[in-house]
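Below: the structure, in structure tokens.
The values are calculated or read from the model by the stated rules, or taken from the named source; none is laboratory data. Please read all numbers here as calculations on a predicted model, not as lab measurements. We place every Cβ from the backbone using ideal geometry, glycine too, and count neighbours over all the protein chains shown.
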Amino acid sequence: MRRRLPPLKTLEGFDAAARLGSFSAAAEALGLTQSAISHQIRLLELALGQPLFRRVHRKVILTDAGTDFQRSVNATLLSLSEGVNRLEPYRKPGSVVVYCDSALANAWLAPRLAQLRQAHPQIDLWLDTSGRIVDFDRDEVDILIRRQARTQVPQSGQVLRTTLLFQDQLRPVAAPKLARQLRKGILLDNLRAATLLHEDGFDGWPVWLGELGYRQRGETPAWLSRGPNFDDAHVMLQAATGGLGVALASPVIAASFIAAGSLSWVSAKSIEAPDYYTASAPEQALLDADIAQAYRWICDQASATQM
């Protein structure tokens, strides 16, 4: 049977007194009187049926039960504080919550946000890259940008607008020194001896090597699956800049690395990725002018992206 919770208003006073070792110091920290703090502690001890402090001269010391309870109270207050802070963007009149895959956010969206700010200074974007599954009916998300299979649709009971941003391509890329070595001689033989980097979800190496002329027979050979795996394409490319191995990369995700000279294309041959990048938003949300402008801006940026 679940016990009734003690009066929640008493917890902040208890936590302050426990941290500061003094009712008067707790009262000063919270802007209350010492008698108010003492009253809160008495109510809390009555509710819990046991003392939480021992009074020693002008100081208070936690009992064993108080020490145990303070850990729970501190974690609870911290969690509540974080929850309150997360609510802040919802009060802002121009706030637009955008969820985006981490790799695409790092490589494509974040570098363009200054342009959004310049075009629409009233929009305050809140960018979520947490990697969770978004449900428009449950989550406070206005626009969803993600890589998805052709038959995959976002979870929602609402009417959604979904726009194809771009169809991705995959090409092998490596640190410049390694890329030069791989291009010498027969590329297939060089790749067989190299370390291949793999992205979770879709490992395109068998498909790409098939385009190069390599044909598997039966099970995938050990050398083709050898090498580290990554669940974030952007992190995989960062690892590749140090010479770790060869990655199959999206030109969109790899663009900044190529431009900076930290990665080079190993071959001009590319394959079409099985997924699309799309933007989705509830039609009802798009009635908001700021959300609609942010959605159009995202689509326009995708149209201007060179693959």
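For segment 273-282, which positions are within 13 Å of Arg147 (Cβ to Cβ) and either over 23 Å from the mean Cα position of the chain (by Cα) or not β-branched (Val, Ile, Thr) (or both)?
Ala273, Pro274, Asp275, Tyr276, Tyr277, Ala279, Ser280, listed by residue number.
Just give me the residues in segment 197-244 being on the phi > 0 side of the Ramachandran plot and touching a residue at least 60 places away in the same chain (Cβ under 8 Å), in sequence order.
Residue satisfying the conditions is Gly243 alone.
For the condition assigned by TED's automatic domain parsing to the domain that holds Ala103, more than 16 Å from Ile271 (Cβ to Cβ) and at pLDDT below 85, what is the one hit in Gly157, Gly213?
None of the others qualify; the one that does is Gly157.
Taking Ala260 as the residue in question, decide whether it is of a type in the set (A, V, I, L, M, F, W, C) and surrounded by fewer than 16 Cβ atoms within 10 Å (Cβ to Cβ).
Spelling it out, Ala260 is indeed of a type in the set (A, V, I, L, M, F, W, C) and surrounded by fewer than 16 Cβ atoms within 10 Å (Cβ to Cβ).
Are there strands (runs of 3 or more DSSP E) fully within segment 12-123 with at least 3 residues that are β-branched (Val, Ile, Thr), surrounded by 15 or more Cβ atoms within 10 Å (Cβ to Cβ) and within 20 Å of the chain's Cα centre (by Cα)? List them. Working first, answer last.
Working: elements: 53-56, 59-62, 95-100.
So the answer is 95-100.
Given the options Ala259, Ala247, name the one that is part of a helix (DSSP H, G or I) and under 20 Å from Asn106 (Cβ atoms).
Ala259
For segment 218-237, which positions are part of a helix (DSSP H, G or I) and surrounded by 17 or more Cβ atoms within 10 Å (Cβ to Cβ)?
Leu224, Ala233, His234, Met236, Leu237
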